[in-house]
Amino acid sequence: MTVQEALFRYALRLGDNSLVLGHRNSEWCGHGPVLEEDIAQANIALDLIGQARNYLTYAGEVEDKGRSEDALAYLRGEREYLNVHLVELPKGDYARTIVRSFLFDAFHLPLQQALATGKDERLKGIAEKAVKEVTYHLRHSSEWLVRFGDGTDESHRRAQEALDDLWRYTGELFTPDEAEEVLAQAGIAPKLDTIRMEWSATVDRVLKEATLTRPADGWMASGGKKGVHTEHLGPMLAEMQTLQRSYPGVEW
Amino acid sequence: MSSKNEQDWPLWEIFIQSKRGLDHKHVGSLHAADAQMAVENARDVYTRRNEGNSIWAVRATDIHASRPEDQGAFFDPADDKVYRHPTFYPMPEGVKYI
């Protein structure tokens, strides 16, 4: 795999992770547990979708076949999406949404920080902006996780259940595929085991404060990075893409 | 967004400073469990469109207001004392911002 090919897949992956999680978070819009949190979640979703636009635009340029951000977002099928499983799972209750966001944010922040010092100017530029957003995302999800974990018996139980359930989707974040290995070699993307160390430290610190128990590492799901997804991504994309699929080329 | 939440979470008044050096202005209110959550909710609710760079959150119950029925005693006496306004001297030309 050439650096160019790897860069295309990698930019797609970064875009897909943000786009799919952004879409999942946007499902809370109008359904949030309280008005203020509804708005916060919609803000975060918009940050993520903004990042996705930057990454997908870049992916289209790297590919050089004339595909725009919209073509990549709305006209790729499930098997062409390269996001990790963690971000595509249903939003569940609010504890589950917060646990999922936290597990992703704790990975996303050191990743973006590393990209901001990488050798690819475009990824660097996108990451410099994203770091500020993701810093806030992690702060938001960490604080809610502490409130749930160290809250009532009910909130603690729900947070711990979500954590136990979602843990098996965290391994994929740190298992590099060929594109990530090629780019790590080229100094463009960070090595995922260094990101894992930072993630792990954040997870331990926040879980301790939240009085939650870190699950043991067991079997880990994988496949998202090569386009093999859970049953949940297809229906989500069907909803997300329905307008462009029904009325190709339609514009606002 | 039930009434139970309103009982559980106190109301906070939010003040935003739009630029350094200017006053914090009251922009509205929101519910939050504690001060930290109030500031973060204010960030999301009131500063999404570049409205400011500093947030104050004050428990609504900590604000003491004058009462409408005091209006006469409090404010009317100022009406007929125009000499309290600094308007009885000529303004030199070229003075700005007054």
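Length, then width, then depth: along the principal axes, the Cα atoms of chain B run 58, 38, 17 Å. The accessible-area loss of region A:20-57 on complex formation, taken against its chain alone with a 1.4 Å probe, reaches 40 Å² or more at A:34, A:36, A:39, A:43.
Across region A:201-216, coupling constants 3J(HN,Hα) worked out from phi with the 6.51/-1.76/1.60 Karplus curve, θ = phi - 60°, read 5, 4, 4, 4, 5, 6, 4, 4, 5, 7, 6, 9, 9, 5, x, 6 Hz, and Gly and Pro carry x. Carbon and sulfur atoms: what percent of the 1.4 Å accessible area of region B:38-98 do they account for? Summing carbon and sulfur atoms, their accessible area is 54 percent of the total for region B:38-98.
For region A:1-64, report the translational diffusion coefficient in µm²/s to the nearest whole number, using Stokes-Einstein at 25 °C, 0.890 mPa s, and a Kirkwood Rh over Cα pairs. Could you put the intermediate results ahead of the total?
On the way: Rh = 12.4 Å.
It diffuses with D of about 197 µm²/s by this estimate.
Each residue of region B:83-97 was assigned a 3J(HN,Hα) from its phi angle through the Karplus curve 6.51 cos²θ - 1.76 cosθ + 1.60 (θ = phi - 60°); the sequence is 5, 6, 8, x, 10, 9, 9, x, 8, x, 5, x, 7, 10, 6 Hz, with glycine and proline shown as x.
Straight-distance candidates among the lysines for linking to residue A:132, with alpha-carbon spacing under 26 Å and chain neighbours fewer than 8 residues away dropped: A:91, A:119, A:124, A:191, A:208, A:225, B:19, B:25.
Amide H to amide H distances under 5 Å link residue B:32 with B:12, where only residues 5 or more positions off or on other chains count and H is placed in the peptide plane. Between residue B:25 and B:16, B:17, B:18, the built amide H atoms are under 5 Å apart, and every one of these is 5 or more places off in sequence or on another chain. Measuring nothing but protein heavy atoms, the accessible surface of chain A at 1.4 Å probe radius is 53 percent carbon and sulfur. Pairs of Cα atoms in the protein assembly as shown fall into 10 Å distance bins, from 0 up to the last occupied one, in shares of 5, 21, 28, 21, 11, 6, 5, 3, 0 percent.
Interface area, chains A and B: about 1400 Å² of buried accessible surface, summed, with a 1.4 Å probe and ligands, DNA and RNA left out.
Highest GNM mean-square fluctuation among B:52, B:72, B:21, for chain B modelled with Cα contacts below 10 Å: B:72.
As an equivalent ellipsoid, region A:150-231 spans semi-axes of 29, 17, 8 angstrom, where each value is the square root of five times an eigenvalue of the C-alpha gyration tensor, largest first.
Can you tell me the relative contact order of chain B? Whole percent, Cα pairs under 8 Å, sequence separation 6 or more.
Working: 97 pairs, mean separation 25.8, N = 98.
Relative contact order, chain B: 26 percent.
Accessible-area loss of 50 Å² or more (1.4 Å probe, protein heavy atoms, chain alone versus all protein chains) is found in region A:123-138 for A:136. In the Gaussian network model of chain A, springs joining C-alpha atoms below 10 Å, which of A:86, A:19, A:192 carries the largest mean-square fluctuation? Taking springs between Cα atoms under 10 Å, the residue moving most is A:192. The long axis of helix B:35-46 is offset from the longest Cα principal axis of chain B by roughly 70 degrees.
For the listed peptides A:25-35, A:180-190, a ranking on the average number of other beta carbons within 10 Å per residue, highest first, reads A:180-190, A:25-35. Rolling a 1.4 Å probe over the heavy atoms of the protein chains gives chain A an accessible area of 45 Å² per residue.
Taking only protein heavy atoms and a 1.4 Å probe, what accessible area per residue, in Å², does chain B have with all protein chains in place? Intermediate results must be reported in sequence, preceding the final value.
Details: 7750 Å² over 98 residues.
Ligands and nucleic acids excluded, the figure is 79 Å² per residue.
For chain A, the longest principal axis of the C-alpha atoms and the axis of helix A:3-26 are separated by about 40°.
Structural descriptor for chain A: relative contact order 26 percent, calculated from alpha carbon pairs under 8 angstrom and at least 6 residues apart.
Comparing A:46, A:145, A:56 in a Gaussian network model of chain A where C-alpha atoms under 10 Å apart are linked, the largest mean-square fluctuation is found at A:46. Between helix A:153-166 and chain A there is an angle of about 30 degrees, using the helix long axis and the longest principal axis of the Cα atoms.
The values are calculated or read from the model by the stated rules, or taken from the named source; none is laboratory data. Computed from a predicted structure; not experimentally measured. Note: ideal-geometry Cβ built from the backbone for every residue, glycine included; neighbour counts use all protein chains shown. For the accessible areas, the whole protein counts, side chains as well, though only heavy atoms, and no ligand, DNA or RNA atoms are used. Shrake-Rupley method; radii C 1.70, N 1.55, O 1.52, S 1.80 Å.
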